[in-house]
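All remarks here apply to the structure that follows.
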Amino acid sequence: MFIAIALWMSTVDARSVAGEAALAQEEAKQAERDQLDARPLAEIVSPANKKPDRFTQTEAHLFLKPIRDLIAKNYPDTEPYLDVIATVIANEAEHKDTHYAFYNTTSNSWRLAQDLYTRLYAYQNPEKAPSREFKFLRFSDEAVDMTAQSFLVNELKEKGLVDDNTDTKFIMLSVNLALFGNVGFPGECSWEYFMHPQSHAKPIRIIYEKMMDRFGLSHKHIDELMSLVDIYDTKEDTIVQILVPIGKVDEIGYLAWVKGIPAHGETIAWILSHAKSKGFMRGIKPTMEKLTEQFAEEQRKNPLFRHMLKDIQAGDFSLDAFLKVYRNKPWDVKEINDVTARLLFTPGVLLNPASGVKFFRFSTVHKDKLKRYNTELNRIIAKMIAEKDAAQGVGKVQIIPQKTPAESMPQKARPAAPQRGRAVPAGR
């Protein structure tokens, strides 16, 4: 009898093993038919993995139905902007094997400052003239001359936590990981700022005065320069697509949460559980400020501080590792719509025209107005340089306009987007 039972059990076990193997094989076939990536995460993030990523970042984000539902709920009027959306995704696809994409929205007035500085830099440094796709987003010598990992370690030791609502905002850029990243969270979503501009900081006269001083030019044409903004201004703001070479992304960037703190799960959970409300100003912000003070005072005595510091040093906030999974198995990234990134302005990358970083700007201004703006800007620059050269006894120099492919993209005039949505803190 025992022999019979044993034989029966071994038969059941064999059938069970064979059944599980057959089931796994069929699941793999179905995943292949559905074009789903069945590889384990360790294989995807491995340096030995040479397989092209399945999606671009915006494609990966849009692949998820809950994300599409949020977009439909918050922005039902995206049809007039499909040319922007299509071009953004096309840029991502073109650079998918070499660059990661990030998104930031700026006030339209910054276009003038960016163009002016970039062109004057090209004039003064002809041997280092930027490519068509490069723009300077900062115009001073303020920069971070260290890696993102070293920066985070220093910030924790010196201040307790990162806070990009302080002067730190001048040396870093808050960015989304996809065009509609953080949809449903107005204060963190670039598309929200694009559609419904907020009271962001704008370049004031002193910025142009310092720029003129830097290049040895007169101040007398600053008012004429600043008036050019009126030519291209629109109801929507400007989205900047930043393409960073894959091999340099961890050098300047890290995975982040609100106010630029590292996206440390334990710390985020502590903040949310101790905040009096889920609102930023009344709940999250004061709770984060209190925790920053605790971290600064207690340092390694605080277990949460210790854990975050250890994870920073272990490279747990690597954008490269996170985006590898993001681009291949977005359905496995539970926090895909919750996290952001911060990019540091370093002399070697974001401030270096030879770094391989590319910037594309998207707005709703008509191409004819952009053409007029560029013509006028070139005229004023040529006039300023001619006056400087005449004073120094130098011959005439021609300024060649720089246009990015995005600026040259045919655009039809669009209806102004309605103003809606709650006010959010400035800073993006």
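Quick note: the coordinates plus some simple rules give every number you see, no bench work behind them. Remember, it's a predicted structure, so these values are computed and weren't measured experimentally. Glycine gets a Cβ as well: all are built from the backbone with ideal geometry, and neighbour counts include every protein chain shown.
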Inset, instruction - Can you pull the one-decimal nm distance between simple spin-label points at Phe63 and His366, each 7 Å off the Cα toward Cβ? - result: 4.0
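Based on the Cβ-Cβ distance of Glu376 and Thr166, what FRET efficiency does E = 1/(1 + (r/R0)^6) give at R0 = 30 Å, to the nearest 0.05? Please report the intermediate quantities before stating the final value.
On the way: r = 37 Å, r/R0 = 1.23.
Once rounded, the FRET efficiency stands at 0.20.
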Inset, instruction - Extending each Cα 7 Å along its Cβ direction at Ala354 and Lys383, get the distance between those two points in nm, one decimal. - result: 3.6
Legend entry - Within the range 178-257, trypsin sites (Lys or Arg not before Pro) in DSSP loop having at most 15 other beta-carbon neighbours inside 10 Å: Lys220, Lys235
Inset, instruction - State the extension gain, in nm to one decimal, for the chain segment bounded by Asn154 and Lys51, taking 0.36 nm per residue of separation less the distance between their alpha-carbons. - result: 33.5 nm
Inset, instruction - Could you tell me which GluC sites (Glu not before Pro) in the range 137-183 are loop residues by DSSP with no more than 16 other beta carbons within 10 angstrom of their beta carbon? - result: Glu142
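Sort the following peptides by mean Cβ neighbour count (other Cβ atoms within 10 Å, averaged over residues), highest first: 102-112, 320-330, 84-94.
Per-residue Cβ counts within 10 Å, averaged per peptide and sorted highest first, yield 102-112, 320-330, 84-94.
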Legend entry - Virtual spin-label span in nm between Glu266 and Arg306, 7 Å along Cα→Cβ: 0.8
Legend entry - Cβ crowding within 10 Å averaged over residues, with 292-303, 357-368 ranked highest first: 357-368, 292-303
Inset, instruction - With r as the distance between the Cβ atoms of Ala72 and Ser131 and R0 = 41 Å, compute the FRET efficiency 1/(1 + (r/R0)^6) and round to 0.05. - result: 0.65
Inset, instruction - Output ³J(HN,Hα) for the range 59-71: one whole-Hz value per residue in order, computed from phi by the Karplus curve 6.51 cos²θ - 1.76 cosθ + 1.60 with θ = phi - 60°, and x for Gly and Pro. - result: 4, 4, 5, 6, 5, 7, 4, x, 5, 4, 5, 5, 5
